[in-house]
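S.K.: Before I ask anything, here is the structure I am working with.
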Amino acid sequence: MTLLDRHGFRPDPFRRLPASEIAGHPAVIVPLADVQAGLLVRASGQRIGIDIANTLPAEDAVPLANQVDLIAIAFPGFADGRGFTLARRLRRNGFRGILRAVGPLIPDQFAYAMACGFDEVELPDAVATRQGEAAWLADLAIYSTSYQRDYARGQNILDARREARQGGGA
Amino acid sequence: MYRYDEFDAAFVRDRVAQFSAQVQRRLAGALTEDEFKPLRLQNGVYLQLHAYMLRIAIPYGTLSARQLRQLALIGERFDRSYGHFTTRQNLQFNWIQLKDVPEILSLLADVEMHAIQTSGNCIRNVTADQFAGVAADEIEDPRPVAELIRQWSTAHPEFSFLPRKFKIAVTGAAEDRAAVAVHDIGLRIVRHPETGETGYAVLVGGGLGRTPMVGKWVREFLPKPHLLAYLEALMRVYNAEGRRDNKYKARVKILVHEIGIEAFRARVEAEFARLDPSRIQADAEEVARIARYFAAPAYADLPDNPPAFRRARAANPEFDRWAAQNGFPHKVPGYQAVTLSLKGIGEAPGDISSAGMRLVADLADRYSFGEIRVTHAQNLVLPDVRQDELFDLWQALAAGGLATANAGLITDIIACPGLDYCALATARSIPIAQALARRFASPERQQEIGPLAIKISGCINACGHHHVGHIGILGLEKRGEESYQITLGGDAGNASAIGEILGPGLGAEDVPDAIERLVAVYLAHRQPGELFVESVRRLGIEPFKTAFNAEIHHDAA
Amino acid sequence: MSTAKLQPLPAILIANDLLTGDTVFFAGNGWTRHPGEALMAEDQAASLRLGEAGQEAMRLNQVVDAYLVDVDLSAGGIPVPRHFRERFRLLGPTIRPDLGKQAEFPGLAAQAGRTR
Ligand code: HEM
Ligand code: SF4
């Protein structure tokens with residue numbers, strides 16, 4: 001798997017391990033079923049993340065959200081957009097940790113994923129080989145603006161128009 | 001009509017650049033066909049039987065003369081000098097090469113047009129009443145809100161990979177000419193019974209395809225400032241919970257059907273309650289900015305039904321028939337909206353040549369403030385014609401073969417491309433439409449039969465809306481032959497209804513006779529002033545079924 | 001695979017060219033726009049090879065949607081698909097005889113025949 005954030009490909013500091021084996025690892029991702037066990041044995045300063053399915057109701061993830069450092073949402077296929085909505089709901093519910101999309105996304109979804117609140121994408125190596133770093137970073141640069149307010153993007157057109165109106169005298 | 005500001009213009013240019021790069025990545029193999037397909041679909045590019053097809057959005061059906069001329073040019077340079085208007089206020093070119101698409105999109109951008117989200121599992125282009133802004137029965141022009149939704153839904157980060165396509169239609173009139181009840185979301189602009197304030201009544205879960213359903217009320221009155229937040233909540237519920245295991249069960253209508261409208265409403269309201277509409281909605285000034293573009297043109301102060309108009313009608317029965325049949329009441333005295341039928345007898349419904357497009361563009365400039373409308377019945381409309389110039393317009397149209405006086409009549413047939421173009425088709429639809437139009441060609445006979453909507457689809461996807469045709473025709477394959485299933489009693493208007501199947505499928509050559517038999521039952525039993533579909537409602541399906549099946553059983557016996 | 005469905009024969013390989021979208025036929029050493037030049041599979045082994053050529057061409061991003069179509073050869077050397085869908089695809093829209101391969105290649109429509 002290859003990890004990618006808005007600056008490009010980078011090494012993954014997290015390791016996937018069952019809760020019983022996390023001792024000594026600074027950053028781990030445990031299966032959802034293991035999370036309570038993992039939190040019990042968590043060392044101070046140790047970062048713990050969880051893997052969740054894109055069908056997990058946001059409400060079920062909320063109690064965990066304040067205790068974990070990373071939530072990794074699975075994308076079974078790139079056309080399955082449920083992860084975008086789940087990410088939005090987790091952010092809306094106040095999750096401040098790292099949000100990771102895991103699966104065969106395509107570069108053309110990268111800006112969307114970031115706007116919905118993801119920080120990073122974990123790709124199968126085959127996808128990362130076919131669609132190199134440049135294609136992903138290019139997607140972030142394509143649109144200077146977007147039409148939706150309230151999504152984590154740069155400027156949006158509606159607010160830009162408002163500013164233009166208010167600065168109308170200038 | 002709406003004009004792009006610098007932001008809209010920049011956005012559309014960015015989109016063209018993005019798609020050009022996507023095509024390059026596809027050709028280089030970086031994108032597989034599976035990955036590329038949703039991207040090309042979201043830019044309107046389909047693969048049909050003979051070539052790629054490009055579907056261009058005509059947002060809420062409003063088109064300027066300049067835009068129509070550009071479409072004519074694109075047709076000549078990149079297609080076979082004709083295009084096809086669809087039931088969703090789009091224009092399709094049937095002979096496009098993938099390598100030309102970026103250039104075509106760029107030509108579209110030059111005239112503030114695009115093909116964004118005309119296909120794919122996203123929020124599709126928003127459709128509206130073709131008589132928006134001019135209809136006498138209108139509470140409010142639906143186009144500003146349609147434009148607002150168009151912008152909000154464009155390249156939406158969360159809702160671009162939905163379970164299935166998502167179609168929204170809006171009407172602001174008493175009579176529903178936008179078929180809002182058969183859309184995923186139908187919005188009706190309504191007045192609050194107590195406060196008189198205008199807002200939206202929201203229908204959800206309508207749709208055709210293989211499981212036709214009429215939309216259900218999810219919100220009786222939505223205040224205007226809540227619109228985008230409410231849509232976001234609704235889309236979020238659908239994106240999270242709509243089925244993805246079976247593409248035939250993935251539309252929102254199935255979700256609504258499976259969990260029930262009460263549960264669906266509760267989920268949407270729960271989501272909506274957590275949102276802050278003021279962070280999502282465009283502010284009042286932005287809404288007003290959009291609305292200003294749709295301000296009425298500078299109408300002259302004219303008497304209604306002027307003597308010159310009356311004289312021309314009296315002197316020329318053909319013009320009189322056209323004015324009566326294709327005219328539509330305008331809210332301003334002395335003006336008329338008129339339908340330019342793209343259903344000339346024997347023509348392919350909705351097709352128009354590049355030359356025809358230019359003629360219409362010129363006539364729009366001359367007679368209708370340079371504006372054209374596209375209807376879901378695959379016709380064009382000039383919305384603002386002076387009654388005292390209608391005769392001149394008619395003569396010019398007649399010379400160009402665009403003055404067929406059949407709007408709403410039995411030969412004003414809706415038909416999808418069917419197996420002449422479409423890769424999904426199970427049978428042809430256009431030749432059936434042509435045969436029926438020839439059969440009922442006589443203007444007097446059409447007049448006698450009165451309004452009757454025949455709608456034809458070439459497969460169960462129902463692009464030709466056959467379910468809501470007064471008479472619906474569905475092309476299927478039976479034992480290696482094309483076979484046509486006939487339904488009766490559908491309705492796309494206020495009394496929306498899904499038609500019932502009359503009997504076994506027919507061979508193409510038997511369809512005109514079968515339709516004749518249905519018409520004969522109506523003519524024999526109608527009460528004075530009763531329309532075909534009203535007779536069907538009163539008499540029930542049985543007498544029609546009997547007549548329909550009589551001959552068939554003879555044949556089979 | 002022994003359970004594979006038998007391909008009705010003879011068969012040709014039909015696809016759309018990726019770049020143009022045009023309907024094309026596999027000719028053995030590449031793709032052709034003229035159905036008369038299509039390579040014919042007369043037996044199961046040959047039809048398997050044709051199918052593989054289609055997969056390969058899709059993998060190489062030359063064509064999309066390649067599949068085998070069984071044809072009738074009684075029409076003077078032109079392979080005429082037995083199914084009406086593929087016949088229309090080969091000729092062009094039935095409502096526009098002035099367009100498509102039926103218009104482009106003289107004699108094609110006459111030989112391949114219109115629909116029954
Ligand atoms: C030729 C290429 C076309 C293809 C491949 C195509 C494909 C489809 C498919 C697959 C559906 C069913 C979707 C579903 O039920 O979930 C559908 C529905 C529909 N299409 Fe098309 N279509 C084509 C052309 C057209 C045209 C020309 C029109 C207008 C005349 C049109 C308008 C519609 C409408 C109104 C529906 C029904 C929407 C509903 O189910 O609510 N399409 N189309
Ligand atoms: S109804 Fe079927 S045949 Fe007609 S355009 Fe739609 S998908 Fe094609």
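S.K.: Over what distance in Å are the Cα centres of the range A:55-78 and the range C:72-116 separated?
M.R.: First find each Cα centre; the distance between them is then 56 Å.
S.K.: Given contacts defined as C-alpha pairs under 8 Å and at least six residues apart, what's the relative contact order of chain B, whole-number percent?
M.R.: Averaging sequence separation for qualifying contacts and normalising by length gives 12 percent for chain B.
S.K.: With charges only on Cβ, +1 for K and R and -1 for D and E, what is the dipole size of the range B:263-398 about its Cα centre, in debye, rounded to 20?
M.R.: For the range B:263-398, the charge dipole is close to 300 debye.
S.K.: Using the beta-carbon distance between B:Ala298 and A:Leu140 and R0 = 51 Å, what value does 1/(1 + (r/R0)^6) give for FRET efficiency, to the nearest 0.05?
M.R.: 0.65
S.K.: Give the calculated FRET efficiency between B:Glu448 and B:Arg537 to the nearest 0.05, with a Förster radius of 30 Å applied to their Cβ-Cβ distance.
M.R.: Efficiency for this residue pair is about 0.90.
S.K.: Just to be sure I understand: if you take the accessible area of chain C alone plus chain B alone and subtract the pair, with a 1.4 Å probe, what total do you get in Å², rounded to 100?
M.R.: That pair hides around 2300 Å² of surface in total.
S.K.: With N set to the number of residues, divide the alpha-carbon radius of gyration of the range B:414-556 by 2.2 N^0.38 Å and report two decimals.
M.R.: Rg over 2.2 N^0.38 Å, computed on Cα atoms: 0.99.
S.K.: Then there is this: Pairs of alpha-carbon atoms within less than 8 angstrom and 6+ residues apart define the contacts here; what relative contact order does chain C have, in percent?
M.R.: 24 percent
S.K.: Turning to a different aspect of this structure: Ignoring ligands, DNA and RNA, what percent of the 1.4 Å accessible area of the protein assembly as shown is carbon and sulfur?
M.R.: The value for the protein assembly as shown is 53 percent carbon and sulfur by accessible area.
S.K.: Between B:Ala441 and B:Glu262, what is the spin-label point distance in nm, taking each point 7 Å from the Cα along the Cα→C-beta axis?
M.R.: 5.8 nm
S.K.: Multiplying the sequence separation of B:Phe221 and B:Glu6 by 0.36 nm and subtracting their Cα-Cα distance, what value in nm do you get?
M.R.: Taking B:Phe221 through B:Glu6 to full extension adds about 74.0 nm, to one decimal.
S.K.: With all distinct Cα pairs included, what does the Kirkwood hydrodynamic radius of chain B come out to in Å, to one decimal, could you say?
M.R.: Evaluated over chain B, this radius sits at 24.2 Å.
S.K.: Still on this structure, please answer the following. Is it possible to state the helix-based mean residue ellipticity at 222 nm for chain B, with each DSSP H run of 4+ residues giving -39500 (n - 2.57), the sum divided by total residues, to the nearest 500 deg cm²/dmol? What is it?
M.R.: -11500 deg cm²/dmol
S.K.: Per-residue Cβ counts within 10 Å, from other chains only, averaged over A:113-121: what number is that?
M.R.: 1
S.K.: Treating only the Cβ of Lys, Arg, Asp and Glu as charged (+1, +1, -1, -1), what charge dipole size does the range B:465-557 show about its Cα centre? Round to the nearest 20 debye.
M.R.: With Lys and Arg at +1 and Asp and Glu at -1, about 340 debye.
S.K.: Report, please, the projected area of the range B:134-292 averaged over directions, based on the convex hull of its C-alpha atoms, in nm².
M.R.: 9.6 nm²
S.K.: Can you give the Rg/Rh ratio of the range B:307-399, where Rg is from the C-alpha atoms and Rh is the Kirkwood radius?
M.R.: Here the Rg-to-Rh quotient is 0.95.
S.K.: Give the residue list of GluC sites (Glu not before Pro) in the range B:107-197 that are DSSP loop and have at most 15 other beta-carbon atoms within 10 angstrom.
M.R.: B:Glu175, B:Glu194, B:Glu197
S.K.: Using the charge dipole of the protein assembly as shown (Lys, Arg: +1 at Cβ; Asp, Glu: -1 at Cβ; taken about the Cα centre), state which of B:Phe294, B:Leu474, B:Pro225 has its Cα farthest towards the positive end.
M.R.: So the residue furthest toward the plus end is B:Pro225.
S.K.: Please give the per residue volume of the convex hull enclosing the alpha carbon atoms of the protein assembly as shown, rounded to a whole number of Å³.
M.R.: In the protein assembly as shown, the Cα convex hull volume per residue is 196 Å³.
S.K.: Also: Quick one: among A:Leu64, A:Leu158, A:Leu39, which has the greatest mean-square fluctuation in a GNM of chain A with alpha-carbon springs under 10 angstrom?
M.R.: Of the options given, A:Leu158 has the highest mean-square fluctuation.
S.K.: How much solvent-accessible surface does B:Lys37 expose, in Å² to the nearest 10, with a 1.4 Å probe and all protein chains in place?
M.R.: 100 Å²
S.K.: In addition: How far is helix A:133-142 tilted, in degrees, relative to the longest principal axis of the Cα atoms in chain A, given as a value from 0 to 90 rounded to the nearest 10?
M.R.: 40 degrees
S.K.: Still on this structure, I have one more. With every protein chain kept in place and ligands, DNA and RNA left out, what is the accessible area per residue of the protein assembly as shown? Probe 1.4 Å, answer in Å².
M.R.: Each residue of the protein assembly as shown exposes 37 Å² on average to a 1.4 Å probe.
S.K.: Further question on the same structure: Cα centroids of the range B:37-94 and the range B:295-347: how far apart, whole angstrom?
M.R.: 29 Å
S.K.: Which residue, chosen from A:Ala152, B:Phe440, C:Thr23, occupies the Cα position most advanced towards the positive end of the dipole of the protein assembly as shown, where the dipole is computed from +1 (Lys, Arg) and -1 (Asp, Glu) charges on Cβ about the Cα centre?
M.R.: A:Ala152
S.K.: Might you list the cysteines of chain B that have no disulfide-compatible partner by the rule of another cysteine's Cβ under 4.7 Å?
M.R.: B:Cys122, B:Cys422, B:Cys459
S.K.: Additional query: So what J values fall out for the range A:62-76 if you push phi through Karplus, 6.51 cos²θ - 1.76 cosθ + 1.60 with θ = phi - 60°, rounded to Hz, Gly and Pro as x?
M.R.: So the J values, rounded to whole Hz, are 4, x, 7, 4, 7, 9, 9, 9, 8, 10, 10, 9, 7, 10, x.
S.K.: Have a look at the range A:61-81 and report residues whose accessible surface goes down by 20 Å² or more when the remaining protein chains are included, against the chain on its own, probe 1.4 Å, ligands and DNA/RNA excluded.
M.R.: Residues passing the criterion (a loss of at least 20 Å², heavy atoms only) are A:Phe78, A:Ala79, A:Gly81.
S.K.: Which of the pairs B:Lys247/B:Lys343; B:Lys165/B:Lys224; B:Lys167/B:Lys224; B:Lys478/B:Lys545; B:Lys249/B:Lys455 have their Cα atoms more than 31 Å apart in this structure?
M.R.: Where the Cα-Cα span goes over 31 Å, the pairs concerned are B:Lys247/B:Lys343.
S.K.: Distances over 21 Å make up what percent of all Cα-Cα pairs in chain A?
M.R.: In whole percent, the share of Cα-Cα pairs in chain A beyond 21 Å is 52.
S.K.: Here is a follow-up. Quick one: which residues, 5+ away or cross-chain, put their amide H under 5 Å from the amide H of A:Arg47? H built at 1.01 Å from N.
M.R.: Those lying under 5 Å, H to H, from A:Arg47 are A:Ala27, A:Val28.
S.K.: B:Lys216: which aspartates and glutamates have alpha carbons under 12 Å from its alpha carbon, excluding same-chain residues fewer than 8 sequence positions away?
M.R.: Candidates past the 8-residue exclusion: B:Asp184, B:Glu262.
S.K.: In whole angstrom, how long is each semi-axis of the equivalent ellipsoid of the range A:65-154, when you take the square root of 5 times every eigenvalue of its Cα gyration tensor and sort them from largest down?
M.R.: Ellipsoid semi-axes (Å, largest first): 21, 17, 11.
S.K.: Amide H of B:Gly503 versus every other amide H placed in the peptide plane: which residues, excluding those fewer than 5 positions away on the same chain, fall under 5 Å?
M.R.: B:Ile486
S.K.: Checking buried surface per residue: for the range B:1-20, which residues lose a minimum of 30 Å² accessible area in the protein assembly relative to the chain alone (1.4 Å probe)?
M.R.: Output list: B:Phe7, B:Phe11, B:Asp14, B:Gln18.
S.K.: Kirkwood hydrodynamic radius of the range C:1-84 from all distinct Cα pairs, in Å?
M.R.: Kirkwood hydrodynamic radius for the range C:1-84: 12.8 Å.
S.K.: Arrange the residues C:Arg49, B:Arg538, B:Arg428 by how much accessible surface each exposes, largest first, with a 1.4 angstrom probe.
M.R.: Largest accessible area first, the residues go C:Arg49, B:Arg538, B:Arg428.
S.K.: Also, quick follow-up: When only C-alpha pairs under 8 Å and at least 6 residues apart count, what is the relative contact order of the range B:414-556, in percent?
M.R.: Reported as a whole number, the value is 18 percent.
S.K.: Hey, got the average number of other protein chain Cβ atoms within 10 angstrom for residues in A:157-167?
M.R.: Neighbouring Cβ atoms belonging to other protein chains average 4 per residue here.
S.K.: Given H placed 1.01 Å from N in the peptide plane, which residues other than close sequence neighbours of B:Ala415 have an amide H under 5 Å from its amide H?
M.R.: Answer set, sorted by chain and number: B:Ile456.
S.K.: Follow-up question, since we're still on this one. For the range B:473-486, in order, what is each residue's ³J(HN,Hα) by Karplus, 6.51 cos²θ - 1.76 cosθ + 1.60 with θ = phi - 60°, in whole Hz (x at glycine and Pro)?
M.R.: These are the phi-based 3J(HN,Hα) values: 10, 10, x, 10, 10, 9, 6, x, 10, 6, 9, 10, 9, 10 Hz.
S.K.: Under a point spin-label approximation (7 Å from Cα along Cα-to-Cβ), what is the B:Arg243-B:Ala520 distance to one decimal in nm?
M.R.: Those two pseudo-labels are separated by 4.3 nm.
S.K.: Give a residue-ordered list of calculated ³J(HN,Hα) values for the range B:49-54 (Karplus: 6.51 cos²θ - 1.76 cosθ + 1.60, θ = phi - 60°; whole Hz; x for Gly, Pro).
M.R.: After applying 6.51 cos²θ - 1.76 cosθ + 1.60, I find 5, 10, 5, 6, 10, 10 Hz.
The values are calculated or read from the model by the stated rules, or taken from the named source; none is laboratory data. The shown structure was predicted, so the numbers you read here are calculated from the model rather than taken from an experiment. Glycine also receives a Cβ, built like all others from the backbone with ideal geometry; neighbour counts cover every protein chain displayed. Protein only, heavy atoms only, side chains kept; ligands, DNA and RNA dropped before computing areas. Shrake-Rupley method; radii C 1.70, N 1.55, O 1.52, S 1.80 Å.
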